[in-house]
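Heads up, the thing below is written out as structure tokens.
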There are 2 protein chains.
Amino acid sequence: MKPKRNIPIESWFLGPKAENADILEQLLIEAFRDHVFWRRNFHPEDETVIPEQKKREAEFQDSISLLKDEFYHLLSNLKRDVPVYSPRYIGHMLGDQLIPAVLGYFATLLYNPNNVTSDVSPFTTRLEVEVGRQLSDLVGYGNDPTPWGHITSGGTVANFEGIWAARNLKYLPLSMKRFAFDIGVDISVNLPDGKRVSIQKASKWEVLNLRADEIVCIKERLIAAYTGKTGMSADEASVDIEGRLERYTISTLGIQAFFAREGIKETGVVLTSATAHYSLGKIAQVLGIGIDNLVPIDVDSRFRMDIKKLEEALSSCLNKSIPVIAVIPICGSSEEGSVDPIDEVISLRKRFEERYGMTFLVHIDAAYGGYVRTMFVDKNGRRRSRKAILGETGEWPGEEVYRSFMAFNMADSIAMDPHKLGYIPYPAGAIIFRNGKTRDIISSKAHYVFHEDGREDSYIGRYIFEGSKPGASASACWLAHRVVPLNSSGYGAIIGRSIKGAMMLYEGLGRISKGLRRSGILLMRLEGPDINIVCFLVNHKNNRSLKVMNSINNSIYNRLKFNPRIPIQDHNFIISKTELTFDKYKDVMAPYLKKLGILPGSFTDSPKEEVQAERVAILRCTVMNPWFGSGSSKGGRYDDQFVSELKMIIKQVIRNFS
Amino acid sequence: MKPKRNIPIESWFLGPKAENADILEQLLIEAFRDHVFWRRNFHPEDETVIPEQKKREAEFQDSISLLKDEFYHLLSNLKRDVPVYSPRYIGHMLGDQLIPAVLGYFATLLYNPNNVTSDVSPFTTRLEVEVGRQLSDLVGYGNDPTPWGHITSGGTVANFEGIWAARNLKYLPLSMKRFAFDIGVDISVNLPDGKRVSIQKASKWEVLNLRADEIVCIKERLIAAYTGKTGMSADEASVDIEGRLERYTISTLGIQAFFAREGIKETGVVLTSATAHYSLGKIAQVLGIGIDNLVPIDVDSRFRMDIKKLEEALSSCLNKSIPVIAVIPICGSSEEGSVDPIDEVISLRKRFEERYGMTFLVHIDAAYGGYVRTMFVDKNGRRRSRKAILGETGEWPGEEVYRSFMAFNMADSIAMDPHKLGYIPYPAGAIIFRNGKTRDIISSKAHYVFHEDGREDSYIGRYIFEGSKPGASASACWLAHRVVPLNSSGYGAIIGRSIKGAMMLYEGLGRISKGLRRSGILLMRLEGPDINIVCFLVNHKNNRSLKVMNSINNSIYNRLKFNPRIPIQDHNFIISKTELTFDKYKDVMAPYLKKLGILPGSFTDSPKEEVQAERVAILRCTVMNPWFGSGSSKGGRYDDQFVSELKMIIKQVIRNFS
């Protein structure tokens, strides 16, 4: 039997004490000098343009002095930054960066390639395409259809591209129907309930309810039919149709003219979880969908999308003939870290397809939770059993969370941010499409950018929203994924530890809540955690006012927040907070508030007077650091120390309120 | 008299031979060690989580070996990257990076702050706000109204935000009109022709033609009127109106429902130059405006927007009651580097406002050309005379270009990319709004992000499209702007040299064209350069076929392009190319082609057979390097060497075609 090998997490980070400074410094210098020698190797016969004599001139020296002065000013002020690398930081979604990510970023920064096209990034464009494949493999997408993924500036642009593609895909068949009519051809389309109809005879509702894989195939059928009719070659027909079909799309006509022509009154909607990140609202705005048509589905007591409510919303859309552009489950909500039941969303879609011929795209916003999937894959790329994972983390994952992660591969697109649980520096978001042909729906071209090597992947800018983009991000992701595998022996181990830390924190909070209760203080945790975010709130047992409870929690937060006005050394632990609003969370809050002694109705009786009180302040801990539950300081383990300190702070705060 | 000081350009770049490697290396190491010590200074009592003993374990050592192997693989392959720092690179819009930019980026990368909010970027958020102000000052925006600018991931997102804001602003008064009616108040609005009308009595066309400054003020007037009517306090009225007005906007309703309700048939258009970057098309698509409604205005023989054609287009919109959302002049077109007559666009707007009561936003796409404005400002922030600039560069700028840059401050918004002529690493675009209140039109909020210090600027994510974003970009821009001033003694000197290099190249091409003509070869330059991009094309005097001419130019390009399959040392000079299409450039191409001997009509007679020939391949040189026209190699000055080599290549290529 082979001895069990330890997973070398310690070699992957610089460390809270910069323990690996020697290794990182050596390689940083190596990268820099290597770059320097590269410059000198290009046309050695060229004369220097900065002769040493020049460097001795007063103006040169003055300029270097200015550089140093300003640089030291920057370095000094960076010392006031947030120590996100420390196990003591459990605030926002930020942690330490992986050594390979920093090295990959820095080495490439010196060359500054632009991944808009391989013309100006011959190597890093390939790395980006490879990162896309790595992430596609991670989420379980296969090879048929061929998936497509790329790096974005962040989660907003990643989700934006997913929804943009969904909007365009949803309405494309309407354009195709009209186009087919105008050129006098007919083709058959497969409805999601298994029926097959002529596109000419299909109703508008039917063509607005085709499956994604079907939609991207219709064009090929149109070309075949057109070839048959005109006698053109397939290539000619393709060019011809491509150009003419474009004239019918929402992209070309604009939303206003498109719908005026189609005479469709019902506005398409996007259904998402009430926990959705506020950026989905921005996206609905810019895409012309409108906030009103980004419909939040209520969540259950664990802040997961209530699948019954989703079903009701879908039924309502069905009855009113409202097209559903997409359903967006959240994997790792920003406020609570909750994971929506993705598997149930997929099952529900199947049911609606089979029973009612209604369908929609499923896009997962896994900006935060995406990399957690690494815990579900072993080093041979096989799915791990829930039992195997439980063996490492104790009580995680619950059955629902497990099933949700297992259903990733059924979604049409997934946004997941390397710069969150990928431990990569900013900027690095990512979007992956299950069917790579989707990218053609949103593609464009520039004449001054070429990809003469014939590989269409070499001109990424064509398929994405952004243009110029750092090749350095691709290197950072790529090198990190090479050194820290995207499975349970790599990222899964880091994230597993962070989840274990969160579980220990959750338990610790439970422990101190018993002691506090004896002092008349109520500490209530939001049920969880689904990943590694733990939320809780505190009240005095005699307080019935929400406003006062909010003040209590804000006071606790003020003792544990990052405060730029005090030295960072004076921060023992750093947490974050959020505010849950009644309009968003409705009934979910009631049982929590009841248990906390807040009178039902106290927050709705007089909304005008107590606008402030329509929000519930919640304390929030994001445990991204793998050493929070294992590392130790003189006072013991960090999680233990934290709950002890918290207990003390709570007592002090409550004393002031009594 | 003070002795004239040399501008220390040599101290700002690493240099083609990495001449300043010593300085940069020293400061890079300083930044790294400084960061290391910072980590150790946070809770010194904490135990190390990576003990030295651990580092000796086999798994740890294996992991470091893997890191090194993969890292060296990356370093090796980066050697195949494009030598954009060299004066020999005159291809795409890429040059060397400024030393302060690399230092600022790297130092901050180690801390990895997130500029979405100062919660996680206490220092770099301030730097970003300062960069916004620096750029606002540069373009000549004053303090009334207060401008607002920030960094984006690139030019696409910058232009996108400008057009997004323009779309929302344009239609907001319709929402306000309806809202005012519903709450039973009336206010007066100032029409651009000086008239003042009640918003209730104003026609839809009139409210769709209000000036930007007027639009952002209406809300305040609404609040005042509402306060008067209801007796609410101004604060209450503000909160109340804010929430209710939102329900009427295009952002909330979505484009389809908004226009269905307003019953407006005419689709708003955006007018831009035919030279516009393809990303404006993407933007029109995603914003629901539609490519059809992004109307290209023909350009003149210098590839500048033809102001007569713009006037015709505006008149046509006026006659048809088509709202003009924005006019977008281009400053530094991607293909030709041309500069549209911004001053004339502004004058035309004034005329349309005064005569016809019609107006529109002006957004400048100065993604490339924006930083050229530094040549027009002296170190005391005063405008420089054209004569003063001519004294440095010779024949640049022409009167039209000069006036265009002088009119920057009249535009409503400007996109300008630090990662282009700002010599900053990717990613760094920027958008600046003349009236900072515009940001409220596109803002949103998140409950888990706070800015308790009360300065609203500290939560940038609220006002922009993107969310998480690298504080490192802000540091890079800020440090660069501190060390290399945004005026003629800083950036202006670098860019001035690059323009001078372009002028010398332009002249050199003129010189060799005479010699080539004697060999029966025609070399024709596109008139220019407006900035530092020089385009030309070549033909044999007996050739009448466009297809053959394209082949000739493609063959020349193949000898001068960056080819990743051959060692970079085998590249003497690297240029780029583009293709001008007839549908885009129409009549502009005819005189050029005529002079090149291409028969008029040869490209339109048989479009079907010669689809290929509907494009004209053009050779393109972007001179961003300040040493192209001054540095030297053994063979002499780079510009001289380049034209000599070009001449030789042209002769060889033509020989093969004869």
Surface accessible to a 1.4 Å probe, B:ASP213 within the full protein complex, Å²
50
Cα-Cα separations in the protein assembly as shown greater than 66 Å, expressed as whole percent:
6
For B:LYS68, go through the lysines and keep the ones whose alpha-carbon is under 16 Å away, minus same-chain ones fewer than eight residues off.
B:LYS55
Counting only protein heavy atoms, probe 1.4 Å: which residues of the stretch A:481-506 lose 10 Å² or more of accessible surface in the full assembly compared with their chain by itself?
A:ARG482, A:VAL483
If each of B:LYS387 and B:SER443 carries a label point 7 Å out from its Cα toward its Cβ, how far apart are those two points in nm?
4.7
Tell me the distances, shortest first, between A:LYS634 and the same position across the other copies, using label points 7 Å along Cα→Cβ, in nm to one decimal.
6.7
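Taking a quarter of the surface of the convex hull around the Cα atoms of chain B, what do you get in nm²?
Hull-based average projected area comes out at 37.1 nm².
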Taking B:LYS177 as the anchor, which lysines have their alpha carbon closer than 21 Å to its alpha carbon, excluding any fewer than eight residues away along the same chain?
B:LYS195, B:LYS201, B:LYS204, B:LYS219, B:LYS229, B:LYS265, B:LYS437
For peptide B:458-469, what's the mean number of Cβ atoms from other chains within 10 Å of each residue's Cβ?
5
at A:ASP235 the sorted inter-copy label distances (label 7 Å from Cα on Cβ side), in nanometres, are 7.3
Scoring the stretch A:171-258 by relative contact order with C-alpha pairs under 8 Å, at least six apart, yields a percentage of 33
Local charge sum around B:ARG355 (other residues, Cβ-Cβ under 12 Å, Lys/Arg +1, Asp/Glu -1)?
-1
May I ask you to evaluate 6.51 cos²θ - 1.76 cosθ + 1.60, the Karplus curve with θ = phi - 60°, for each residue of the stretch B:327-340 and list the ³J(HN,Hα) values in order in whole Hz, giving x for glycine and proline?
10, 10, x, 9, 10, x, 5, 5, 8, 10, x, 7, 10, 5
Ignoring any ligand, DNA or RNA, what whole percent of the accessible area of the stretch A:290-348 comes from carbon and sulfur when the probe is 1.4 angstrom?
50
Hey, got a sec? Which GluC sites (Glu not before Pro) in the stretch A:42-120 land in a DSSP loop and have at most 14 other Cβ atoms within 10 Å?
A:GLU45, A:GLU47
Chain B: relative contact order in percent, alpha carbon pairs under 8 Å with at least 6 residues between
20
Nearest 100 Å², what total accessible surface is buried between chain A and chain B (probe 1.4 Å)?
16800
Quick one: which of A:LYS54/B:LYS379; A:LYS79/A:LYS634; B:LYS541/B:LYS595; A:LYS282/B:LYS469; B:LYS547/B:LYS594 span more than 21 angstrom between C-alpha atoms?
A:LYS54/B:LYS379; A:LYS79/A:LYS634
Burial order of peptide ranges B:467-476, A:175-184 (average beta-carbon count within 10 Å, highest first):
B:467-476, A:175-184
Leaving ligands, DNA and RNA out of it, report the carbon-plus-sulfur percent of the accessible area of the stretch A:447-551 at a 1.4 Å probe.
44
Probe 1.4 Å, all chains present, heavy atoms only: A:ARG80 accessible area in Å², nearest 10, is 100
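Per-residue Cβ counts within 10 Å, from other chains only, averaged over B:143-154: what number is that? All intermediate terms of the calculation are to be shown ahead of the outcome.
Details: counts 0, 0, 0, 0, 0, 0, 0, 0, 0, 2, 13, 8.
Across the residues of B:143-154, the mean count of other-chain Cβ atoms within 10 Å is 2.
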Using modelled backbone amide H atoms (1.01 Å from N, in-plane), which distant-in-sequence or interchain residues come within less than 5 Å of B:ALA428's amide H?
B:HIS419
Just to check I understand the Karplus step: with θ = phi - 60° and J = 6.51 cos²θ - 1.76 cosθ + 1.60, what whole-Hz values come out for the stretch A:275-286, glycine and proline as x?
7, 3, 5, 4, 5, 5, x, 4, 5, 4, 5, 5
Of B:ARG5, B:ARG518, B:ARG221, which has the most accessible area with a 1.4 Å probe, and how do the rest follow in descending order?
B:ARG518, B:ARG5, B:ARG221
Taking the Cα centre of each part, how many Å lie between the stretch A:158-209 and the stretch B:207-285?
33
Restricting to Cα pairs below 8 Å that are 6+ residues apart, what does the relative contact order work out to for the stretch A:249-405? Please round to a whole percent.
20
Once phi is turned into θ = phi - 60°, what whole-Hz ³J(HN,Hα) does the Karplus curve with 6.51, -1.76 and 1.60 give for every residue of the stretch B:411-419, x standing for Gly and Pro?
7, 6, 7, 9, 9, 8, 9, x, 7
Probe 1.4 Å, heavy atoms of protein chains only: per residue, the accessible area of chain B in Å² is 34
Taking each label point as 7 Å beyond Cα in the direction of the beta carbon, state the distances from A:PRO51 to the same residue in the other copies, shortest first, in nm.
6.0
Sulfur and carbon atoms: percent of accessible area, the stretch B:38-93 [1.4 Å]
48
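The values are calculated or read from the model by the stated rules, or taken from the named source; none is laboratory data. Source: prediction; values computed, not measured. Neighbour counts are summed over all protein chains in view; Cβ atoms, including those assigned to glycine, are modelled from backbone coordinates with ideal geometry. Each accessible area value is taken on the protein alone, full model and side chains, heavy atoms only, with ligands, DNA and RNA left out. Shrake-Rupley method; radii C 1.70, N 1.55, O 1.52, S 1.80 Å.
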